[in-house]
1. Return the distance in nm (one decimal) between the two label points of a simple spin-label model at residue 159 and residue 228, each offset 7 Å from Cα along Cα→Cβ.
2. Check residue 88: other-chain or 5+ apart residues with amide H under 5 Å from its amide H, H built from backbone geometry?
3. Roughly what % antiparallel, to the nearest 5, for the DSSP beta bridges in the chain?
4. Can you sort 27, 85, 113 from fewest to most other Cβ atoms within 10 Å of each residue's own Cβ?
5. I need the peptides 205-212, 57-64 ranked by packing, meaning the mean over residues of other C-beta atoms within 10 angstrom, with the highest value on top.
6. Expressed in nm², what is the orientationally averaged projection area of the convex hull enclosing the Cα positions of the range 186-261?
7. Going by how many other beta carbons lie within 10 Å of each one, how would you line up 166, 81, fewest first?
8. Can you sort 217, 90, 100 so the residue with the fewest Cβ neighbours within 10 Å comes first?
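Readers should treat all values here as calculations from the given coordinates under stated rules, not as data from a laboratory. In this text the structure is predicted, and so the values were computed from the model without any measurement. Note that we place each Cβ from the backbone using ideal geometry, even for glycine, and neighbour counts take in every protein chain shown.
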Amino acid sequence: MRVFLFLLPLWLGSFGPKPAVVERDFSAYFQARQLHGSFLVFDSQANRYTAYDATRCRQGFLPASTFKIPNTLIGLETGVIRDTSQVFKWDGVQRTFGAWNRDMTAAEALRVSCVPCYQQVARAVGAKRYQQLLPKLNFGKMVATEATVDSFWLVGKSRITQFEQIDFLRRLHANQLPVSARSHAITKQLLLLQQTPQYRLYGKTGWTNPHGRDNGWFVGWLEQASGAVYFFALNVEPDAGVPVDQRFIAGRRLITEQILTELGYLKK
C-alpha cells in the first residue's frame, strides 16, 4: 500500500486540507469480467481517496451520460426542465434501447438514461448558455459549440477525470454548486438508486463508443445510516476483443459494489 498527496484543483479548498490518496489493487474484480479500468473512492470522514490505478483516474474521458447530472441542474435552472413530471415526447424513431421509444417524464428520462430526451434539453438550452454555465459548475472540461450542442458529452473534445467527477459530486451533495436549493434537491433525489435501512446508494452510469472504443462510467455516492458518505467514480473498458455484454453493462455497478463491500463501506 502506498500513500501520497495529489495536488487537487484550487476549488476544492472549501473542503479543507488536501486529501491523501491510498492506492489499492482491485484488478481481480475487473479481470473476472474481462474488463480493465480504474476506480476511485473518497472517504469524506477520513479525508482520503482510495484509488485503483491512480494515474488512470487522472486521465480524462468523455463524460457520456454522467453529464445528465449537470444537464439536469442546467435544465432546471434555465426552466427548460420545469419539474420532474414534464413529459418528453417520443419522436417516433425506433432506437436500439427499447425503453427510449415512448413518451416519458423527466424523472423517467434520467433513470433510463434517455439520450434523445436530453438532446432535446440540450438544443433548448443552447450552446451560448452552456458556455456561460458549465465553467461555473466545474464539471471537467466541456466543449460545447453550436454544431455539437446535442452531442458534446458523447463525442468530441469534452473530457472529465475521476477526480473531477468526485469533486463535482461532493459539491452537489453539499449544496455548494451555483444553483438553487430546489435544483440541488431534485437532482439528488433523481439519482437515488437503492435505499435500505443500512444505506442509500446514489449514482449514474455512462457509456460512449468513440471510434469503436467502448468506455463506461458509474459515479455516485453511498450514504450509510450512520451519516458516513463515500463518493465513487469507476471508469471501465472491455478487454481487447471482448464484446460489450452484461460483463460490461452490469459490471460497472457490480464492480463498484464489490469494491465498496471489500473496503467495508457497503454493508448489506
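1. 3.5
2. 104, 105, 106
3. Counting only bridges with both partners in the chain, antiparallel ones make up about 90 percent.
4. 85, 27, 113
5. 57-64, 205-212
6. Working: hull surface 23.3 nm².
Mean orientational projected area (the range 186-261, Cα hull): 5.8 nm².
7. On the way: 166 25, 81 28.
The fewest-first ordering by Cβ neighbours comes to 166, 81.
8. Lowest count first: 90, 100, 217.
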